Amino acid sequence: MKHIAIIGGGPGGYVAAIRAAQLGAQVSLIEKAKLGGTCLNVGCIPTKALLHSAEVLSEAKNSAKIGLIIPEVGYDWKKVQKNKEKISTRLSGGVNGLLKTNGVTIIAGSAQFINDTTLLITDAAGQTKELRPDKIIIASGSVPALPPIPGINHPNCLDSTAALSLDHVPESLLIIGGGVIGVEMASVYNQFGTKVTIIEMQPGILPLMDGELADMLRKKLIRDGIDILTDTQVLSIATAGDQMKLQVKTDAVTRDIIGAKVLVAIGRKAELSTLALENTTIKTDKKGIIVNAKMQTNVNHIFAIGDCLGKTMLAHVASQQGEVAAENAMDHPAIYDEKTNPSCVYTSPEFAGVGLTQEAIRGHEKDYSIGRFPLAANGKSLIMGDTEGMVKIISDKKYKEIVGVHILGPRATDLIAEGALALRLESTVEEIISTIHAHPTVGEAIKEAALATENRAIHWN
Ligand code: FAD
């Protein structure tokens, strides 16, 4: 029986472990902290739990608009935090159960390489043991990256992990970075009443998403009360009494902004520091471990997946890569294809996209059709009181193949699955148009946007 050792029990590692066990491997999963990794413990799940509480609060505050009388709307932050922790703990326990029922051996400890074939595992008590598996899958994840700004090490400068577990809602929060984590945390705290300012170096927020929809979201967040400073660089961080002071520069103008806490959300870097890769011949680049489409490193029996590659840092990418690595390790050929990878932002409204953006087709616009359908013309969005946003489909003119789907609006992060499937199946707009979409749903807007690529939307001119 083939023995596969997996380093890290996040969504990359635990999925790889289950898939390898399904294929008949003897699997050892080594985890130094908590099963579920960043995603379940300090990432996707806790942020979305806080966002859900924040959204329900906001809906309750606005309930009079739909004829409801809720006499007292408020929150108990301790209970909000407890709810978040309960969900993470339950999911992490679920992963533990899944691994056990699949016969995976879970080893609590930190793994490091002695050489290309041998791992040294050290547990919390300092006990060590060696493993010599047939194959190794590295899934060691990532850690927050800190920019070299003077003053960044002050205790009131938080990373996302600390910002998820504050013991109180701060009066004001200065967020460095307008990427996904920065924007989601801004939404959480803004809805709980914090005065939030986002400082972003680029001309817009969410620079990797479709620019037109990112700009619509930026305007909505500003209307909701969030200050967003774009084209703005943070030069230094200092204290001002019991407050934090950021010196920022927009164009050539320098000024100070003040807030109770600072959240540093400029991104994450591959976590390779505990692996002792210097004892191996595994190749890395500036970002992380280098792999081919089979998720295999330059050392044939060693694979690497997820955030430790330093590329697309998303839980669903790590899991997909985990399945691919496990299958290849068990001699079932599989390839990772990132064409169908959706990007999601869980703000209000939600924002999701898959495939080519309008920026990606710049200079080749004549070869593509763009269909837009505003949610103001969608019945279900109107019922939900959530008409901000649109569905935008980009198709190629020659074959009418769908190459990009972008959605800003309610349930966008669920609806994007249709876009990902359309790209996976190389669907044409006609195939979406001839698929019956239930009424009334937000999903009808996807069919309408497909119709709009042909200039024949039914419910919008
Ligand atoms: P991780 O989840 O980081 O897991 C790696 C594991 O390896 C850790 O448990 C670590 O303890 C362990 N480990 C490391 N080194 C060793 C060692 N030497 N020995 C033993 N164990 C080791 N992604 C999404 O798709 N959707 C979201 O909504 C989303 N929201 C996010 C919100 C925040 C605030 C953050 C920070 C991230 C978010 N992400 C989201 C990103 C997502 O969490 C990561 O992409 C995902 O967890 C990566 O999975 P992974 O398995 O590669 O690594």
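Being under 23 Å from N156 (Cβ atoms) and out of contact with any His (no Cβ under 7 Å at 6 or more places or on another chain) is the filter here, so list the residues in the stretch 214-238 that pass it. Once the filter is applied, which keeps residues that are under 23 Å from N156 (Cβ atoms) and out of contact with any His (no Cβ under 7 Å at 6 or more places or on another chain), the stretch 214-238 yields G225, I226, D227, I228, L229, T232, Q233, V234, L235, S236, A238.
Of the helices (runs of 4 or more DSSP H) lying entirely inside the stretch 13-130, those carrying at least 2 residues that are more than 12 Å from the ligand (Cβ to nearest atom) are 13-22, 44-61, 77-101. Among the residues of the stretch 394-411, is there at least one that is hydrophobic (A, V, I, L, M, F, W, C) and part of a helix (DSSP H, G or I)? No - not one qualifying residue is present in the stretch 394-411. Counting the residues of the stretch 317-334 that are farther than 24 Å from C39 by Cα and within 19 Å of the chain's Cα centre (by Cα) gives 0.
For the stretch 297-317, filtered to residues that are more than 10 Å from the ligand (Cβ to nearest atom) and surrounded by 19 or more Cβ atoms within 10 Å (Cβ to Cβ), the residue that is nearest to V180 (Cα to Cα) is G310. Only one entry in P148, P71 is at pLDDT below 95, over 30 Å from V264 (Cα atoms) and not hydrophobic (A, V, I, L, M, F, W, C), namely P71.
Quick grid of which residues meet (1) under 29 Å from A111 (Cβ atoms); (2) acidic (D, E):
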{"residue": "G126", "(1), (2)": "yes, no"}
{"residue": "E130", "(1), (2)": "yes, yes"}
{"residue": "I136", "(1), (2)": "yes, no"}
{"residue": "G141", "(1), (2)": "yes, no"}
{"residue": "A145", "(1), (2)": "yes, no"}
{"residue": "H168", "(1), (2)": "no, no"}
{"residue": "S172", "(1), (2)": "no, no"}
{"residue": "G182", "(1), (2)": "no, no"}
{"residue": "Y189", "(1), (2)": "no, no"}
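Kindly check whether there is at least one residue in the stretch 415-434 that is surrounded by fewer than 21 Cβ atoms within 10 Å (Cβ to Cβ), outside the structural domain of E184 (by the TED database), in contact with a Gly (Cβ under 6 Å, 6 or more places away or on another chain) and not in a helix (DSSP H, G or I). Within the stretch 415-434 (the criterion being surrounded by fewer than 21 Cβ atoms within 10 Å (Cβ to Cβ), outside the structural domain of E184 (by the TED database), in contact with a Gly (Cβ under 6 Å, 6 or more places away or on another chain) and not in a helix (DSSP H, G or I)), the answer is no, since none of the residues qualifies. Evaluated against (1) at pLDDT 95 or above; (2) surrounded by fewer than 21 Cβ atoms within 10 Å (Cβ to Cβ); (3) over 23 Å from the mean Cα position of the chain (by Cα), K65 falls short on exactly one condition, (1). The condition of being crowded, with 24+ Cβ neighbours inside 10 Å and either assigned by the TED database to the domain that holds I121 or within 27 Å of S140 (Cβ to Cβ) (or both) holds for only one of A16, A49, that being A16.
Going through the stretch 77-91 one residue at a time, which ones are touching a Ser or Thr at 6+ places or on another chain (Cβ under 8 Å) and of a type in the set (A, V, I, L, M)? Scanning the stretch 77-91 gives a single hit, V80. Of the strands (runs of 3 or more DSSP E) entirely within the stretch 318-390, those holding at least 1 residues that are away from the ligand (no atom under 16 Å from the Cβ), among the polar types (S, T, N, Q) and surrounded by fewer than 21 Cβ atoms within 10 Å (Cβ to Cβ) occupy 368-374.
Could you list, in sequence order, the residues of the stretch 223-273 that are at positive phi and free of Cβ contacts under 8 Å to residues at least 24 places away in the same chain? Scanning the stretch 223-273 gives G241, D251. Does E72 satisfy the criteria of being surrounded by 15 or more Cβ atoms within 10 Å (Cβ to Cβ), without any contact (Cβ under 8 Å) to a residue 24 or more places away in the chain and more than 20 Å from H168 (Cα to Cα)? The answer is no for E72. Report yes if some residue within the stretch 274-284 is in contact (Cβ under 8 Å) with a residue 24 or more places away in the chain, assigned to a loop (DSSP other than H, G, I, E, B), closer than 14 Å to G8 by Cβ and under 23 Å from the mean Cα position of the chain (by Cα); otherwise report no. Looking through the stretch 274-284, none of the residues is in contact (Cβ under 8 Å) with a residue 24 or more places away in the chain, assigned to a loop (DSSP other than H, G, I, E, B), closer than 14 Å to G8 by Cβ and under 23 Å from the mean Cα position of the chain (by Cα). Scanning the stretch 90-142 for residues that are of a type in the set (S, T, Y) and surrounded by 13 or more Cβ atoms within 10 Å (Cβ to Cβ) gives S92, T105, S110, T117, T118, T122, S140, S142.
Among the criteria (1) within 11 Å of the ligand (Cβ to nearest atom); (2) within 28 Å of I289 (Cβ to Cβ); (3) outside any loop (DSSP other than H, G, I, E, B), the one S140 does not fulfil is (3). Buried (at least 17 other Cβ atoms within 10 Å of the Cβ) and not aromatic (F, W, Y): is that true of I226 in this structure? Yes; evaluated as a whole, the condition is true for this residue. If only residues of the stretch 266-296 that are within 11 Å of the ligand (Cβ to nearest atom) and among the small types (G, A, S) are counted, the one that is farthest from D116 (Cα to Cα) is G267.
Where helices (runs of 4 or more DSSP H) sit wholly within the stretch 144-224, those with at least 1 residues that are within 21 Å of Q243 (Cβ to Cβ) and in contact with a strand residue (DSSP E or B) (Cβ under 7 Å, 6 or more places away or on another chain) occupy 160-164, 180-191.
Consider the stretch 19-40 and keep the residues that are free of Cβ contacts under 8 Å to residues at least 60 places away in the same chain and small (G, A, S). The one that is surrounded by the most Cβ atoms within 10 Å (Cβ to Cβ) is G36.
The values are calculated or read from the model by the stated rules, or taken from the named source; none is laboratory data. None of the values given here were measured: they were computed from a predicted structure. Quick reminder, even Gly has a Cβ in these numbers, built from the backbone with ideal geometry, and neighbours come from all protein chains shown.
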